[in-house]
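Since the structure comes first, as structure tokens, the remarks are kept for the end.
Throughout, read-outs are computed from the coordinates displayed, never taken from laboratory work. These figures come from a predicted structure and were not determined experimentally. Backbone-built Cβ (ideal geometry, glycine too); neighbour counts: all protein chains shown.
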Amino acid sequence: MSKSAVTVAVKVALTVTSLEFFGPILRDFGPSHAFNPDWVGHARVHLVWLLGFMFLSGLANLYLIWLRRSGGVSNLWLSAGWQSCNLGGFWIAYLLNPVYEGAITVPGVHVHIFGYDENVFVFSILTVIMVGILLTLRFGLRHDAGDAYV
């Protein structure tokens, strides 16, 4: 496969994984989270702040992937790193769940897919795709002389 075909494949995969920034907005900006009267108002402010940050991060990632002309492969590394931070944040929240008495599944809101909470299922798939992206960036694309490793 040519470098340009691999680059396009990575861009498409990064676009798919960038959806992780937009999904929570669709699910959490509603009565179960942002408008939940049982939540402390300040917690809702932090949630909406996070959702705004995620939305803008998603837009910035799409810009890096498809529109930024300078940077080449380094833009893809930057996008992958940024998205990996978001994925990592989910897994930290998931693993520390017992410590802060969180709940991954909201009954009546979240569904189970093959026996797994929808969040765990989707983030597992996104994580596997991201590992593939990182391996492809590392071994499938050679950096041009002007590209720096990120």
(request) Take the residues in region 57-85 that are outside any helix (DSSP H, G or I) and not polar (S, T, N, Q), then tell me which one is nearest to Lys3 (Cα to Cα). (result) Gly72
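Results for (1) assigned to a helix (DSSP H, G or I); (2) surrounded by 12 or more Cβ atoms within 10 Å (Cβ to Cβ); (3) in contact (Cβ under 8 Å) with a residue 40 or more places away in the chain; (4) hydrophobic (A, V, I, L, M, F, W, C), shown as yes or no for each residue.
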| position | (1), (2), (3), (4) |
| --- | --- |
| Ile92 | yes, no, no, yes |
| Ala103 | no, no, no, yes |
| Val106 | no, yes, yes, yes |
| Phe121 | yes, yes, no, yes |
| Ile125 | yes, yes, no, yes |
| Met130 | yes, yes, yes, yes |
| Thr136 | yes, yes, yes, no |
(request) Please work out which residue is surrounded by the fewest Cβ atoms within 10 Å (Cβ to Cβ), limiting yourself to region 28-46 and to residues that are touching a residue at least 12 places away in the same chain (Cβ under 8 Å) and not aromatic (Phe, Trp, Tyr). (result) Ser32
(message) Against the condition among the polar types (S, T, N, Q), farther than 20 Å from Phe123 by Cα and loosely packed, with under 14 Cβ neighbours inside 10 Å, how does Ser74 come out, does it pass?
(response) no
